[in-house]
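The values are calculated or read from the model by the stated rules, or taken from the named source; none is laboratory data. What you are looking at is a predicted structure, and each value in this text was computed from that prediction instead of being measured. Backbone-built Cβ (ideal geometry, glycine too); neighbour counts: all protein chains shown.
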Ligand code: ADP
Ligand code: MG
């Protein structure tokens, strides 16, 4: 039988906007000492906006915008939405997309008007042999400010550099502070590039940043923390967070996140606010006290 304190805990959680799918999680959360946060869509708003577009090799802004947006029609990544929206605002057209593929943790590829298109991070460009040297100065400067930067190549030639802004939400910064004061070890885990992630974490009380992580590796990072003797809560929103959520001792999904994350997680936050994580952990300690 479920103890009374857990049943009332589930009710209290609901009042706080925390959906409990697995009542055990409320109990287990009381022993957590480490909280791992996904960045995009969990600590940030998750809707990146383009703040600058740089063009290379004689491609125009309109060409780059239209081709990149045409390619991103195939993706539902938050970055894709930002790029499609930017093109729309600039009255760019969308063209038919062929041979679309998602390269997990790297970017996307496809064919538009017979051109071979690649859009993604530095690792993707290196892997595909695209020379990104002309963009590196801007890349360093923008990632240093916490911007997310993606490269665009046409027929393996650098054509554009998109600079996107997806800052930490104000409430995330405050909630992290509250969790830090309670003694939790706080980790940011992201597929985004190291420099961007570090710049965003600076000015917060995040203890450690693990960046450039492929979706398949996210669960291994959780496992490694557990092997260090840590009791880990994972908070995420994406399809790519699901394996890490499954590996963690306690899993929390953002209610705004993907169905897979929500189905995997034991707890779901109906408020898009990290302070609900602090509430959940506080509640679980209260339940434990009541049971003793
Ligand atoms: P995250 O959402 O934490 O950034 P992902 O694994 O989804 O992690 O993506 C890792 C990186 O791969 C992104 O930061 C971006 O550089 C690149 N990427 C992934 N999907 C796309 C996309 N649709 N368009 C452009 N870049 C992408
Ligand atoms: Mg995310």
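Being within 16 Å of ligand 2 (Cβ to nearest atom) and touching a helix residue (DSSP H, G or I) at 6+ places or on another chain (Cβ under 8 Å) is the requirement here; does residue 78 meet it?
Judged against the criteria, residue 78 is a match.
Restricting attention to the range 154-166, does a residue exist that is within 16 Å of ligand 2 (Cβ to nearest atom), crowded, with 22+ Cβ neighbours inside 10 Å and closer than 18 Å to residue 245 by Cα?
No.
Does the range 20-33 contain any residue that is at pLDDT 95 or above, touching a strand residue (DSSP E or B) at 6+ places or on another chain (Cβ under 8 Å) and within 16 Å of ligand 1 (Cβ to nearest atom)?
No; the residues of the range 20-33 include none that is at pLDDT 95 or above, touching a strand residue (DSSP E or B) at 6+ places or on another chain (Cβ under 8 Å) and within 16 Å of ligand 1 (Cβ to nearest atom).
Looking at 148, 204, can you tell me which residue is under 23 Å from residue 53 (Cβ atoms) and either surrounded by 15 or more Cβ atoms within 10 Å (Cβ to Cβ) or within 13 Å of ligand 1 (Cβ to nearest atom) (or both)?
148
Need the failing condition index for residue 171 against (1) at pLDDT below 95; (2) under 15 Å from the mean Cα position of the chain (by Cα), just the number.
(2)
Mind telling me which of the residues 203, 129, 191, 183 ends up being out of contact with any strand residue (DSSP E or B) (no Cβ under 6 Å at 6 or more places or on another chain), within 16 Å of ligand 2 (Cβ to nearest atom) and outside any helix (DSSP H, G or I)?
Of 203, 129, 191, 183, the one residue that is out of contact with any strand residue (DSSP E or B) (no Cβ under 6 Å at 6 or more places or on another chain), within 16 Å of ligand 2 (Cβ to nearest atom) and outside any helix (DSSP H, G or I) is 191.
Within the range 231-281, which strands (runs of 3 or more DSSP E) (wholly inside it) include 1 or more residues that are more than 16 Å from ligand 1 (Cβ to nearest atom) and free of Cβ contacts under 8 Å to residues at least 60 places away in the same chain?
In the range 231-281, the matching strands (runs of 3 or more DSSP E) lie at 250-254.
Out of the residues in the range 20-60 that are assigned to a helix (DSSP H, G or I) and within 11 Å of ligand 2 (Cβ to nearest atom), state the one that is farthest from the chain's Cα centre (by Cα).
Restricting to residues being assigned to a helix (DSSP H, G or I) and within 11 Å of ligand 2 (Cβ to nearest atom), the top hit is 43.
Would you be able to tell me the number of residues in the range 101-127 that are over 22 Å from the mean Cα position of the chain (by Cα) and surrounded by fewer than 20 Cβ atoms within 10 Å (Cβ to Cβ)?
7
Among all residue pairs at least 6 apart or on different chains, which show Cβ distances below 6 Å where the first residue, located in the range 70-83, is closer than 20 Å to residue 237 by Cα and the second is part of a loop (DSSP other than H, G, I, E, B) and within 16 Å of ligand 2 (Cβ to nearest atom)?
From the range 70-83, the pairs are 78/46; 78/48; 79/48; 82/48.
Considering only the range 86-98, I want to know if a residue exists there that is part of a helix (DSSP H, G or I), within 15 Å of ligand 1 (Cβ to nearest atom) and without any contact (Cβ under 8 Å) to a residue 24 or more places away in the chain.
For the range 86-98, residues part of a helix (DSSP H, G or I), within 15 Å of ligand 1 (Cβ to nearest atom) and without any contact (Cβ under 8 Å) to a residue 24 or more places away in the chain: present.
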